[in-house]
Amino acid sequence: MDRDNISNDIAKRVEELRDEIRRHDYNYYVLDSPIIEDFEYDKLLRQLQQLEEAYPKLVTSDSPTQRVGGGVMNEFSPIAHATPMLSLSNAFNGGELKAFDRRIAQSLNDEYEYIVEPKIDGLSVSLEYIDGIFSRGATRGDGTVGEDITLNLKTIRSIPLRLREPHTLIVRGEVYLPKDAFLELNKRRKDEGQALFANPRNAAAGSLRQLDPNITAARPLDIFIFSIESIEGKDFKTHSQTLKFLASQNFKVVPIVAITKTMDEIISICETWIEKRLELDYDIDGMVIKVDSFAQRNILGSTTRSPRWSIAFKFPAEQKETKIEDIVIQVGRTGVLTPTAVLTPIFVAGSTVGRATLHNEDYIKEKDIRVGDTVIIQKAGDIIPEVVKALKDKRTGDERIFTMPTHCPECGADVVRLEGEAASRCTGNACPAQIRRLLIHFASRDAMDIDGMGPAIIDQLLANNLISDAADIYSLKYDELIGLERMGEKSVNNLLDAIEASKDRGLDRLLFALGIPLVGVRVAGILADHFQDIDKIIDAKEAELLKIDEIGEKIAYGVISYFREEQNLELIERFKNAGLRLSVKEDKVVGESLAGLRFVITGRLSRFTRKEIKSEIENRGGRILSNVSGNVDYIIVGESPGSKLTRAEELGLKILDEDALEGMLTRT
Ligand code: IVH
């Protein structure tokens, strides 16, 4: 028979085989209850492969044979999420869960019901289906733009490549590596002399970010779907309804642990699961509590970071025993002296810990912690190591009682402890340790994210008197930087580009970067959302601050005191003059015409400022990068372009002058 002329029988047989294989995949990977032997399954798959090889025209993207294969990728392309992928706020104890419940009760007039689910410790992904066929999937990325990992996701057998019905929808879920697969993988890596993964989550992350899908396919990743982001032509009233629907479409859906109206019941469920989780064959790091009704979720709304209708109860941290070898002092960016334990290194909650905070003088006294003690440590919020208690019956008599220094170990200034405060502070106005820490914080990723400006560069800038505060960063010149250690032309240009790019981070990042006492990422976000502009925050009265949900007296006092200082107001003025954006970014999405495209700018432009170009491109889904590489699609070239142009030409990138750029923007 002519191979282009495929008989109906063959096409029908191919479809039958696919249906049968899909059914077995579902039984095995989703329901965990196979109904045939492995060899029978392999036979079916082989038959299908042979038919598809003989009649390549019959191959479809949703065929079970298409899970593995696909070439090796050079990079992951960006994908803009249709709606931002938010995260959850956390509760660490029953009290915080009750406070959450009170906030819900205050906002809702009617009764409400909660769903409790396990919080899977993996990686958030989104999956898109068009007419029932899996079309693409992405990582969370920064919440707005993720990376296209479609080929890797296809290797996950519990992700259906075709739904039961031809729905067009986007779902979200958590990819994870089961515990036994993690142990097996690490065992193999050890035998092969490869670096081990710290925990299943890291292993899952490493596996999903493989450019070669064949490597991902060899790691038995799995997924739990926990929500529908959008769906055409359907309207669900509750979260529990959507989970039922998702299961009916062959998804592996996160289990519902409870549906209840009372927080007391939820607290006791959460407590039970602290132990019970150890029985699961996958890691969970807490429980997620969600209001079930979508109408009520709409009333509650979301902040820019997280929904107000949900909270994650995080399990208490893993604890380990080790020894305190010494207690040293760290001077923080606000001048606070933090006693820090130097520990015999120990592996806890996924990494090796060598230091742990002792918080303050009172903490050490209350817990009677001494140098030489055997202690229990844990990671607060699974991140920051802290000493929980000393094991006094393990003392030998050689332990030494710690006393707080009376002078700053960094600058020699007096150390004071104000009445009612736990913290001891350095009184030095120009304590170099404080300035240094503040600058490191200012440039760090969650703050102004100045790529390349880490502690080593900051130390050099300080040593050479090129900066003495954060605003000085914005007047650094090429000529000043070029002579510094390990700073060649390329690094200097990259650093200057990164400094320029940081001007547009926006109000929430700047507020966090300033290092105002008690203003962390979350509070900075709340303040920025509420006031929208730095001047309004500077003028805010205490009463106004206190009206904001989650802002208490201490934070209000910290904010007001900060902006009362002449020196700080001057700093803000200098940021303004340097062109920093001190307001909330308006979301002016114009379209998706440049989605996924990456641009680099070089040289002086006459019609646009760099800031304007950046927002024009970003509003159309494109991105501006600082460095030329094979990942870049276009280089925008102004007058007197730098070495970036030469490099771009070598790489064969597309070149745009201002006219071409304008044309591209007006066309789209
Ligand atoms: S619902 C608005 N449910 O936890 C975000 N998330 O810290 C709604 N996660 O990004 C998320 N298990 O990656 C939800 N049962 C579950 C979850 C879950 C794990 C992850 C998810 C999310 C992160 C939030």
Can you name the residue in segment 2-25 that is within 27 Å of residue 250 (Cα to Cα) and of a type in the set (Val, Ile, Thr) and is also modelled with the lowest pLDDT among such residues? 10
Restricting the first residue to segment 386-405 and requiring it to be under 19 Å from residue 331 (Cβ atoms), which pairs with a second residue that is polar (S, T, N, Q) meet a Cβ separation below 9 Å and a spacing of at least six or different chains? 386/357; 386/378; 404/360; 404/424; 405/424
Please name all residue pairs, on different chains or six or more residues apart, with Cβ atoms under 6 Å, provided the first residue is in segment 290-319 and is on the phi < 0 side of the Ramachandran plot and among the hydrophobic types (A, V, I, L, M, F, W, C) and the second residue is near the ligand (Cβ under 10 Å from one of its atoms) and in a loop (DSSP other than H, G, I, E, B). 291/309; 300/309; 311/89; 312/88
Could you list, in sequence order, all residues of segment 92-113 that are open to solvent by less than 70 Å² (accessible area, probe 1.4 Å), within 13 Å of residue 308 (Cα to Cα) and in contact (Cβ under 8 Å) with a residue 60 or more places away in the chain? 97, 100, 101, 104, 107, 108
In segment 79-89, which residue that is within 14 Å of the ligand (Cβ to nearest atom) and surrounded by 15 or more Cβ atoms within 10 Å (Cβ to Cβ) is nearest to residue 145 (Cα to Cα)? 81
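Of the residues in segment 184-200, how many are under 29 Å from residue 250 (Cβ atoms) and open to solvent by 90 Å² or more (accessible area, probe 1.4 Å)? Break it down into steps so the answer makes sense when it comes.
Of segment 184-200, the ones under 29 Å from residue 250 (Cβ atoms) are 184-185, 200.
So of that shortlist, the ones also open to solvent by 90 Å² or more (accessible area, probe 1.4 Å) come out as 184.
Residues that pass the stated criteria total 1.
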Condition set in contact with a helix residue (DSSP H, G or I) (Cβ under 7 Å, 6 or more places away or on another chain) and part of a loop (DSSP other than H, G, I, E, B), scope segment 533-561, selection nearest to residue 422 (Cα to Cα): answer is 551
Here are the criteria: (1) more than 35 Å from the chain's Cα centre (by Cα); (2) surrounded by 16 or more Cβ atoms within 10 Å (Cβ to Cβ); (3) of a type in the set (A, V, I, L, M, F, W, C); (4) under 30 Å from residue 118 (Cβ atoms). Tell me which single one residue 14 does not satisfy. (4)
Go through the residues of segment 424-441 one by one and say whether even a single one is of a type in the set (A, V, I, L, M, F, W, C), surrounded by 13 or more Cβ atoms within 10 Å (Cβ to Cβ) and out of contact with any helix residue (DSSP H, G or I) (no Cβ under 8 Å at 6 or more places or on another chain). yes
Has segment 599-607 got at least one residue that is more than 29 Å from the chain's Cα centre (by Cα), surrounded by 18 or more Cβ atoms within 10 Å (Cβ to Cβ) and more than 30 Å from residue 524 (Cα to Cα)? yes
Unique match (being in a loop (DSSP other than H, G, I, E, B) and within 24 Å of residue 569 (Cβ to Cβ)) among 462, 418, 439: 418
Could you check segment 140-159 and list, in sequence order, the residues that are more than 10 Å from the ligand (Cβ to nearest atom), open to solvent by 20 Å² or more (accessible area, probe 1.4 Å) and more than 15 Å from residue 213 (Cα to Cα)? 141, 142, 144, 145
Check whether at least one residue in segment 226-247 is without any contact (Cβ under 8 Å) to a residue 24 or more places away in the chain and among the acidic types (Asp, Glu), and report yes or no. yes
In segment 366-415, how many are among the β-branched types (Val, Ile, Thr), under 38 Å from the mean Cα position of the chain (by Cα) and open to solvent by 40 Å² or more (accessible area, probe 1.4 Å)? 2
Residue identified as within 20 Å of the chain's Cα centre (by Cα), within 16 Å of the ligand (Cβ to nearest atom), open to solvent by less than 70 Å² (accessible area, probe 1.4 Å) and of a type in the set (A, V, I, L, M, F, W, C) among 236, 226: 226
Residue tally, condition in contact with a helix residue (DSSP H, G or I) (Cβ under 9 Å, 6 or more places away or on another chain), more than 16 Å from the ligand (Cβ to nearest atom) and not charged (D, E, K, R), over segment 94-108: 3
Assuming residue 76 fulfils every condition listed in (1) within 16 Å of the ligand (Cβ to nearest atom); (2) in a loop (DSSP other than H, G, I, E, B); (3) open to solvent by less than 30 Å² (accessible area, probe 1.4 Å) apart from one, which condition is it? (1)
What are the residue pairs meeting all of these: first residue in segment 120-139, first residue within 13 Å of residue 221 (Cβ to Cβ) and among the hydrophobic types (A, V, I, L, M, F, W, C), second residue more than 10 Å from the ligand (Cβ to nearest atom) and open to solvent by 10 Å² or more (accessible area, probe 1.4 Å), Cβ atoms under 9 Å, and 6 or more apart or on different chains? 120/282; 120/283; 123/139; 123/201; 123/205; 125/139
The one condition residue 486 fails out of (1) on the phi > 0 side of the Ramachandran plot; (2) touching a helix residue (DSSP H, G or I) at 6+ places or on another chain (Cβ under 8 Å) is (2)
Can you tell me how many residues in segment 639-663 are surrounded by fewer than 16 Cβ atoms within 10 Å (Cβ to Cβ), in a helix (DSSP H, G or I) and of a type in the set (Gly, Ala, Ser)? 3
Yes or no: residue 574 modelled with pLDDT of 90 or more and assigned to a helix (DSSP H, G or I)? yes
Quickly run through segment 289-306 and pick out the residues that are open to solvent by less than 10 Å² (accessible area, probe 1.4 Å) and either within 8 Å of the ligand (Cβ to nearest atom) or closer than 28 Å to residue 506 by Cα (or both). 306
Which one is farthest from the ligand (Cβ to nearest atom), of the residues in segment 114-134 that are open to solvent by 10 Å² or more (accessible area, probe 1.4 Å) and outside any strand (DSSP E or B)? 131
Looking only at segment 513-551, how many residues end up being in contact (Cβ under 8 Å) with a residue 40 or more places away in the chain and among the hydrophobic types (A, V, I, L, M, F, W, C)? 9
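The values are calculated or read from the model by the stated rules, or taken from the named source; none is laboratory data. Being a predicted model, the structure only gives us computed values, none of them experimental. FYI the Cβ positions are ideal-geometry reconstructions off the backbone, even for glycines, and counts take in every protein chain you see. For accessibility, only protein heavy atoms count, side chains too; no ligands or nucleic acids. Shrake-Rupley method; radii C 1.70, N 1.55, O 1.52, S 1.80 Å.
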